[in-house]
1. So is Glu73 out of contact with any strand residue (DSSP E or B) (no Cβ under 8 Å at 6 or more places or on another chain) and assigned by TED's automatic domain parsing to the domain that holds Ala53 or not?
2. Condition first: loosely packed, with under 14 Cβ neighbours inside 10 Å and in a loop (DSSP other than H, G, I, E, B). Now tell me which residues in segment 270-296 satisfy that.
3. Checking Cys56 against (1) surrounded by 11 or more Cβ atoms within 10 Å (Cβ to Cβ); (2) of a type in the set (A, V, I, L, M, F, W, C); (3) over 29 Å from Lys17 (Cβ atoms), only one condition comes out false. Which one?
4. Considering only segment 98-125, state which residues are surrounded by fewer than 14 Cβ atoms within 10 Å (Cβ to Cβ) and closer than 28 Å to Leu7 by Cβ.
5. Restricting attention to segment 174-191, does a residue exist that is polar (S, T, N, Q), out of contact with any helix residue (DSSP H, G or I) (no Cβ under 7 Å at 6 or more places or on another chain) and without any contact (Cβ under 8 Å) to a residue 24 or more places away in the chain?
6. Answer with yes or no whether Leu7 is modelled with pLDDT of 90 or more, over 31 Å from the mean Cα position of the chain (by Cα), within 26 Å of Asn131 (Cβ to Cβ) and not in a helix (DSSP H, G or I).
7. Being farther than 15 Å from Lys189 by Cα and charged (D, E, K, R) is the filter here; which residues of segment 97-111 pass it?
8. Kindly indicate whether any position in segment 11-23 is closer than 25 Å to Asp104 by Cβ and surrounded by 13 or more Cβ atoms within 10 Å (Cβ to Cβ).
Amino acid sequence: MAMALDLSRVKDRDGLKVQREPHWQRLRAGCFLGYRRSKQGAKGTWIARIYDAETCKYQLKTLGDFGALAGNEMFAAAKKEAEALADLVEAGGEVRPEVETVADACREYAKDRPEAGQRFERYVYRDAIANVKLEKLRRRHLLDWRTRLEKTPAAVSRNKSGPKLTRARAPSTLNRDMAILRAALRKVKVHGTPNTEAAWQEALQSIKKADRRRTLYLSREQRRALLAVIDADAAPFVQALCLLPLRPGALASLTASDFDKHTAELTVSKDKAGESRRIKLPAEASKLLASQLQDKLPTAPLFRRANGQPWSKETWKIPINRAVVAGVCTAVTNQAIGSSAACR
C-alpha cells in the first residue's frame, strides 16, 4: 500500500511531480490540503478541498503560495486556513471561489444562466481570452477575441450525429455573444478610462443597426416537405407554425382555454409584441387546434409533447434540426416557418 502523502516536509514537496491536479494530503474527514508545484521553479500553490455534506460536493479554494513564510512554516499556515474553511463549511457556510480570470468571471455569471454557460463553452473557455487575468485585461485582448469570433462560422445545426451546417456569423449574432460576455465582466470589473487601453468595455460595443427584419421564409413546397419528415410527436406543433402567423414561443404558451372551437377564435396573450390579441382562424387551422383540445383541462398546454410537457426552445429545435439534416432545406428557423404562414 502506498504511503500517505506528507506535505509538511519541504524536501518531499520539492520532489513532487509538476502537474495540474494538486497533490492531496488528508487532514481529516472531508478536509484535504493540496499542493501544486510551479513549472517555473517558483513557490508552489496551496489549495483547500472541503466536502459539503449539504450539497454532496467538494468546495475548492486557492490559498496562495505563502511566499512571505519560510519553507518549513508554509504547511502549518496552509493547514490552519484549510481547517478554518472546513469549520466554516461544516457550520453551513460557503467557500466563495476566487474570480481571477475571464473564465472565472464567466463561470460565476453562468451559474444560474444555462444559456450563457453554453455560449461561454463555445466562444470563451476554449479561447485564449479565458486565461487572461482580470487585473491585466485590456481593450486589445477583447478586440482580438472579437476579431476571432467574427471569423468563426455560426452553427445552423448542432446535431452531433449529422453533418455540421454553418453560416457566416451575422452582426446580430455577434452582438448577442458580446453582450453576454460584457454582462459577465461588468459584474466583477469596473469600466476603464475611455479612449485608453484600460477601457475594456469599448471593445465589446454593439454593432449599430445589426438587427434587421427577417426575410427568410419557406415556400409552400418546403413546408410540405418539412411536415413529411417531421417527427410524429412534433407534427401538430410544426403544422400549427406553418398555418398560423405566430412565433414558436407564443404558440407553445397557448392553453386549451385560449381557443374557442365554437367561434374558431384564438386568443394570443403572450407574444413578442407584448399585447394580447384575438385571431379568427381559417378552417384548416381551426380543425387542427380543435383536435388538440381532446381530453385537456382549460389550463393544459394546447400543444404538448408525448410526455405531457409543453414545448420549449430546447425541445422544438430538435425535430426542426433533424428535418434540416434530412435535406428539407439548407437552413430554417422557427421564425421562418411562422413568417411563411404569414405569407400564405
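The values are calculated or read from the model by the stated rules, or taken from the named source; none is laboratory data. Note that the coordinates shown come from a computational prediction; the quantities given were computed from them, not determined experimentally. Cβ sites come from the backbone with ideal geometry, for glycine too, and all protein chains shown count toward neighbours.
1. On the way: out of contact with any strand residue (DSSP E or B) (no Cβ under 8 Å at 6 or more places or on another chain): yes; assigned by TED's automatic domain parsing to the domain that holds Ala53: yes.
Yes.
2. First, pick out the residues of segment 270-296 that are loosely packed, with under 14 Cβ neighbours inside 10 Å: 272-278, 280, 282-284, 287, 291, 294-295.
Once the filter is applied, which keeps residues that are loosely packed, with under 14 Cβ neighbours inside 10 Å and in a loop (DSSP other than H, G, I, E, B), segment 270-296 yields Lys272, Ala273, Gly274, Glu275, Ser276, Pro282, Gln294, Asp295.
3. Against the list (1) surrounded by 11 or more Cβ atoms within 10 Å (Cβ to Cβ); (2) of a type in the set (A, V, I, L, M, F, W, C); (3) over 29 Å from Lys17 (Cβ atoms), Cys56 comes up short only on (1).
4. Of the residues in segment 98-125, the ones surrounded by fewer than 14 Cβ atoms within 10 Å (Cβ to Cβ) are 98, 111-112, 114-115, 118, 121.
Passing the criteria: only Glu98.
5. From segment 174-191, those polar (S, T, N, Q) are 175; that's our starting set.
Those left that are additionally out of contact with any helix residue (DSSP H, G or I) (no Cβ under 7 Å at 6 or more places or on another chain): 175.
Still in the running and without any contact (Cβ under 8 Å) to a residue 24 or more places away in the chain: none.
Within segment 174-191, none of the residues are polar (S, T, N, Q), out of contact with any helix residue (DSSP H, G or I) (no Cβ under 7 Å at 6 or more places or on another chain) and without any contact (Cβ under 8 Å) to a residue 24 or more places away in the chain.
6. Details: modelled with pLDDT of 90 or more: yes; over 31 Å from the mean Cα position of the chain (by Cα): yes; within 26 Å of Asn131 (Cβ to Cβ): no; not in a helix (DSSP H, G or I): yes.
Here the answer is no, as Leu7 does not meet what is asked.
7. Our first condition is that a residue be farther than 15 Å from Lys189 by Cα; within segment 97-111, this holds for 97, 110-111.
Matches in segment 97-111: Lys111 only.
8. Taking every residue of segment 11-23 in turn, at least one turns out to be closer than 25 Å to Asp104 by Cβ and surrounded by 13 or more Cβ atoms within 10 Å (Cβ to Cβ).
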